[in-house]
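Visitor: Shown below is the structure under consideration.
Here, each number is a calculation from the coordinates, and none is a lab measurement. Fair warning: this is a prediction, and the values are worked out from it, not measured in the lab. So basically every Cβ, Gly included, is an ideal-geometry build from the backbone, and we count neighbours across all protein chains shown.
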Amino acid sequence: MTQIGSAYIERYPEWQNGLPGRNLAWLSELRADAFARFAERGFPTRKTEAWKYTNLAPLAKDVFAPQTAASGKMPATVPAHIPDLGTAHRIVFVNGRAESDGSTHNALPKGVRLMTLGEALKEAPDLIADHLATDNKPEEPAFLDMNTALMTEGAVLTIEPGVELEAPVHLFFLTTDAAARSAMHLRNLIMAGKGSAATVFESYLGTGKAEYWTNVVTEIRVEEKARLHHHKLQSEGEAAYHIAMTLTKIEDHATYDSFAMSLGGSLARNEIRALLDGSGIDCRLNGINLARQRPHLDTTTTIDHAKPGSTCNETYKSVVGDHAETVFQGKIIVRPDAQKTAAHQLNRNLLLSDEAQANTKPELRIHADDVQCSHGATVSELDEQALFYLRSRGLSENAARSLLTEAFVTEMLDDIENISIREALRHAMADWLAGLSGTGGQA
Amino acid sequence: MLSTFEKLGIPLKEQEALAGVAVDAVFDSISVATTYKEKLAEVGVIFCPMSEAVANHPELVKKYLGSVVPYSDNFFATLNSAVFSDGSFVYVPEGVRCPMELSTYFRINAAKTGQFERTLIVAEKGSYVSYLEGCTAPMRDENQLHAAVVELVAMDDAEIKYSTVQNWYPGDKDGKGGIYNFVTKRGACRGRNSKISWTQVETGSAITWKYPSCILQGDNSVGEFYSVATTSNHQQADTGTKMIHIGKNTRSTIISKGISAGQSQNTYRGLVKILGGAANARNYTQCDSLLLGDRCGAHTVPYIESRNRTAHVEHEATTSKISEDQLFYCNQRGLSQEDAVSTSARKSSRNCRSSLPLRPRN
């Protein structure tokens with residue numbers, strides 16, 4: 001037990017009173033069990049293989065109390081920062097609390113429900129009981145358990161079988177300095193029924209310089225033949241901690257397409273566990289870490305092929321400048337009977353400065369023989385020949401470097417089908433790249 | 001004891017006559033015979049059991065022993081450092097190209113025992129040596145432990161080529177008995193332009209944990225690792241390498257081929273670490289795994305850590321069974337299914353086998 005774990009144990013009884021759903025016996029039991037598991041193990045350390053490259057000491061140095069009191073309103077300056085996704089259905093959370101201003105989730109088509117977790121626990125507790133904390137568990141569940149024990153809010157999206165939702169659903173999480181020194185334990189649930197289709201955009205924005213902690217778990221179920229596009233933008237405040245875990249269970253002939261861009265926070269981890277619990281599944285996990293100044297950005301994925309005949313493709317890239325550090329851990333598991341699996345993974349890292357560091361650990365665990373699996377990983381600076389080519393065409397050193405860096409990352413956006421989300425991501429990326437040349441990271 | 005080697009098909013005398021190879025035989029951690037010592041001494045090469053080296057060349061042993069693998073390195077290295085009784089010692093003086101292959105045969109004979117040999121090879125400035133080790137053990141139902149430590153030191157412009165054919169008893173078809181092969185092997189490229197090359201063929205042992213590594217300290221130094229690991233029945237092989245790039249312009253190549261069959265598990269686990277000062281370092285890693293049968297496993301776990309932007313690290317890995325097209329082609333040319341499978345499996349490991357000093361018959 002780490003020392004910090006014990007501080008959480010001491011404070012837990014006091015926090016319990018502010019948690020939603022206290023009237024639900026099953027939930028209280030679930031929370032108590034989860035907390036007991038967390039209390040037994042504490043925070044993972046670097047001796048835990050899944051956390052080998054991410055040191056949680058900065059996060060664990062102090063206790064972050066869960067944000068249970070009512071939050072302030074959305075600051076007037078914020079709406080300008082909310083990506084314009086046209087006709088998107090939006091649900092807004094400010095400092096971990098649902099905020100009706102700015103939320104536009106009332107005019108949803110028939111068969112689609114979008115609620116806050118608080119609402120769902122009141123109106124449809126059985127739905128939550130059926131889908132919360134299912135069997136798709138990560139290797140190291142400390143933060144999942146803590147989240148189950150302390151979750152206060154989040155978005156719940158259900159799509160009935162056969163319903164195709166055209167406009168994207170935007171889950172928007174804003175944190176301001178009013179949440180300084182506190183933790184937002186958020187829990188999102190997305191259930192895409194048989195044959196349904198939807199696009200979800202999850203975005204996190206921090207406007208201040210204060211330290212806070214977002215601990216979010218998103219549980220997703222993609223039923224038979226459903227298609228779910230799931231995009232995420234992590235743009236937390238510069239001193240923020242962002243620990244995110246997405247647990248997706250995918251059934252026969254369904255499509256799960258995930259793209260995550262991380263560029264904020266001082267220590268951030270985006271962990272995805274995709275359980276391919278069927279045949280004919282098309283699973284795509286892609287993403288980019290953009291790290292400059294001093295952040296530590298970690299992407300950890302597990303793709304678990306439990307049944308025969310599914311396909312996964314995974315590409316993650318990192319651009320690392322200044323004193324930043326990135327991590328990619330990508331595990332692909334093919335279970336003994338998951339024959340005819342095709343799994344391909346690529347991780348590329350671009351180092352822009354002498355102090356930057358990239359760590360990568362692609363991992364294949366194959367227990368079936370009739371499979372096609374591969375992975376590739378590279379770490380390097382920009383290609384000298386490409387630079388020379390552009391220089392010979394009259395571009396300055398800086399212009400050539402910017403262009404090549406931009407090309408390295410923007411191609412990742414090409415596969416995003418929804419135009420407004422793609423543009424929102426492109427915009428965030430352009431801002432980041434512009435900041436890069438300003439910091440001299442490429443000198 | 002020599003007759004035991006005869007029985008095993010390792011006739012020392014015959015081998016030396018055929019190939020001109022100097023052989024040191026280590027039997028339950030005790031060196032029993034070393035050949036060609038005099039001839040090697042003419043050019044100044046010292047090749048002798050560790051027990052003799054400690055007595056005759058204490059200054060050399062003291063200087064280098066434990067300098068690459070400290071006794072505190074890991075549990076089995078500590079155990080070895082505490083109890084090792086023998087092993088091979090090789091010292092190649094400045095500018096000498098060792099005139100023949102050096103070779104050691106290890107054999108674990110006594111039941112329920114461990115073998116803890118210690119090998120130390122020092123190649124002085126501008127020298128070259130190629131060293132081959134082979135291992136066998138009789139079949140027993142109990143497990144035996146092999147916890148060796150091998151240290152290599154290459155100075156400026158020196159090259160050490162270290163090859164292993166590991167064929168310890170793997171246990172029976174139900175996984176009973178066999179050797180636990182927990183070995184620490186590490187080479188230090190201390191000098192500029194030095195080179196250390198590890199080649200290994202791993203076929204035996206119930207469980208193997210082995211990561212022959214290179215610490216590339218000297219500028220322009222080169223590390224290589226070629227490995228073929230085959231597992232069957234209930235064997236477990238967990239092997240790979242560590243390439244630690246410290247000096248400028250250091251280069252490393254890792255080629256690993258794993259073939260698993262039966263209910264065995266075959267893992268490549270390796271680290272490529274580029275430190276801040278390793279400007280223009282290069283690494284290329286390729287790991288291919290072949291699965292024969294649907295109850296075995298093949299795992300690839302590379303770790304890459306880069307702290308220098310001018311370094312280039314590339315890793316690629318594939319896992320599959322033998323391609324139907326290849327088998328069909330072989331069948332169509334008249335090869336039986338069994339021959340077709342063995343042809344394809346042999347082909348996949350060819351790159352690595354060609355770097356062995358004594359080319360095994362196909």
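Visitor: In which sequence would B:ARG333, A:ARG221, A:ARG11 go, from the one with the fewest C-beta neighbours within 10 Å to the one with the most?
Guide: Taking fewest neighbouring Cβ atoms as first place, the list is B:ARG333, A:ARG11, A:ARG221.
Visitor: Only counting other Cβ atoms within 10 Å, I'd like A:TRP432, B:TRP198 sorted with the fewest neighbours first.
Guide: By the 10 Å Cβ count, ascending: A:TRP432, B:TRP198.
Visitor: Can you give the % of DSSP beta bridges in region A:3-384 that are antiparallel, to the nearest 5? Please report the intermediate quantities before stating the final value.
Guide: Working: 8 of 143 bridges.
Rounded to the nearest five, the antiparallel share is 5 percent.
Visitor: Of all DSSP beta bridges located in the protein assembly as shown, what percent are antiparallel, nearest 5?
Guide: Antiparallel bridges make up about 10 percent of those DSSP assigns within the protein assembly as shown.
Visitor: Output the pairs from B:LYS257/B:LYS347; B:LYS210/B:LYS321; B:LYS210/B:LYS257 with a Cα-Cα distance over 19 Å in this structure; if there are none, say none.
Guide: Too far apart for the 19 Å limit: B:LYS210/B:LYS321.
Visitor: Let me ask something else. Which whole-number percent gives the relative contact order of region A:250-320, counting Cα pairs below 8 Å spaced six or more residues apart?
Guide: 39
Visitor: Compute the relative contact order of region A:290-342 as a whole-number percentage, counting only Cα pairs closer than 8 Å that sit 6 or more residues apart in sequence.
Guide: On the way: 93 pairs, mean separation 28.4, N = 53.
After rounding, I find 54 percent.
Visitor: By average Cβ neighbour count within 10 Å, what is the ranking of A:415-424, A:229-238 from highest down?
Guide: Per-residue Cβ counts within 10 Å, averaged per peptide and sorted highest first, yield A:229-238, A:415-424.
Visitor: Which semi-axes, in whole Å and largest first, does the equivalent ellipsoid of region A:159-257 have when worked out from the alpha carbon gyration tensor as the square roots of 5 times its eigenvalues?
Guide: Equivalent-ellipsoid dimensions as semi-axes: 31, 12, 9 Å.
Visitor: Could you work out the mean count of beta carbons from other protein chains within 10 Å of each residue's beta carbon in A:351-364?
Guide: Counting Cβ atoms of other protein chains within 10 Å of each residue's Cβ and averaging gives 6.
Visitor: Limiting things to C-alpha atoms, what are the Rg and the maximum Cα-Cα separation (Dmax) for chain A, in angstroms?
Guide: 21.2, 71
Visitor: Please give the calculated 222 nm ellipticity per residue for the protein assembly as shown, where each DSSP H segment of at least 4 residues contributes -39500 (n - 2.57) and the sum is spread over every residue; nearest 500 deg cm²/dmol?
Guide: -6000 deg cm²/dmol
Visitor: Still on this structure: Positive end of the dipole of the protein assembly as shown, charges at C-beta (+1 Lys, Arg; -1 Asp, Glu), about the Cα centre: which of B:THR318, A:ALA149, B:VAL90 has its Cα farthest in that direction?
Guide: Selected residue: B:VAL90.
Visitor: Can you grab the distance from the C-alpha centre of region A:370-443 to the C-alpha centre of region B:60-75, Å, no decimals?
Guide: 46
Visitor: Just counting partner chain Cβ atoms within 10 Å, what average do the residues of peptide B:277-287 show around their Cβ?
Guide: The shielding value for this peptide is 1.
Visitor: What are the extents of the Cα atoms of the protein assembly as shown along their three principal axes, listed from largest to smallest and rounded to whole Å?
Guide: Between the extreme Cα coordinates on each principal axis of the protein assembly as shown lie 92, 61, 58 Å.
Visitor: Taking a 24 Å limit on the Cα-Cα distance, which of the listed pairs A:LYS52/A:LYS209; A:LYS52/A:LYS137; A:LYS47/A:LYS361 fall beyond it?
Guide: Over 24 Å apart, Cα to Cα: A:LYS52/A:LYS209.
Visitor: Right, something else. Could you derive backbone 3J(HN,Hα) for region B:229-238 from the dihedral phi with the Karplus parameters 6.51, -1.76 and 1.60 (θ = phi - 60°), listing whole Hz in sequence and x where the residue is Gly or Pro?
Guide: Ordered by residue, 3J(HN,Hα) equals 10, 10, 9, 8, 6, 10, 5, 10, 10, 10 Hz.
Visitor: Shifting gears a bit: Can you list the residues, at least 5 places off or on another chain, whose amide H is less than 5 Å from the amide H of A:THR301, using H built in the peptide plane?
Guide: A:ILE272, A:GLN329, A:GLY330, A:LYS331
Visitor: Kindly give the semi-axes, whole Å and largest first, of the ellipsoid equivalent to chain B, taking each as the square root of 5 times a Cα gyration tensor eigenvalue.
Guide: Each semi-axis is the square root of five times an eigenvalue, giving 31, 27, 19 Å.
Visitor: Residue by residue through A:375-387, how many Cβ atoms from other chains fall within 10 Å of the Cβ on average?
Guide: Per residue, the average neighbour count from other chains is 5.
Visitor: Non-local amide H neighbours of A:ALA343 (under 5 Å, H modeled in plane, Pro and chain starts lacking H): which ones?
Guide: Excluding prolines and chain starts, which carry no amide H, the hits are A:CYS312, A:GLN372, A:CYS373, A:SER374.
Visitor: Let me ask you something else. Roughly how far apart, in whole Å, are the Cα centres of region A:260-334 and region B:188-266?
Guide: Their Cα centres are 28 Å away from one another.
Visitor: Counting other beta carbons within 10 Å of each residue's own, what order do A:THR341, B:THR78 fall into, fewest first?
Guide: Lowest count first: B:THR78, A:THR341.
Visitor: Tell me, for chain A, which Cys residues have no other cysteine's C-beta sitting closer than 4.7 Å.
Guide: Result for chain A is A:CYS373, no neighbouring Cys Cβ within the cutoff.
Visitor: A further question follows. May I ask what percent, to the nearest 5, of DSSP beta bridges between residues of chain B are antiparallel? Write out the running numbers ahead of the final one.
Guide: Values: 8 of 131 bridges.
Close to 5 percent.
Visitor: Using mean Cβ contacts within 10 Å as the protection proxy, how do B:205-211, B:38-44, B:271-277 order, highest first?
Guide: B:205-211, B:271-277, B:38-44
Visitor: Dipole size in debye (nearest 20) for chain A around its Cα centre, Lys and Arg Cβ +1, Asp and Glu Cβ -1?
Guide: Working: 43 positive and 58 negative charges, 94 e Å.
That gives chain A a dipole magnitude of about 460 debye.
Visitor: List the pair-distance distribution P(r) of region A:19-81, using every Cα-Cα distance, as the percent of pairs falling in each 5 Å bin from 0 up to the bin containing the longest distance, rounded to whole percents.
Guide: 3, 12, 11, 16, 15, 14, 14, 12, 3
Visitor: While we're here: What residue among A:LEU30, A:THR207, A:ALA306 has its Cα farthest toward the positive end of the dipole of region A:3-384, where the charges are +1 on Lys, Arg and -1 on Asp, Glu, each on the Cβ?
Guide: My answer, from the dipole projection, is A:LEU30.
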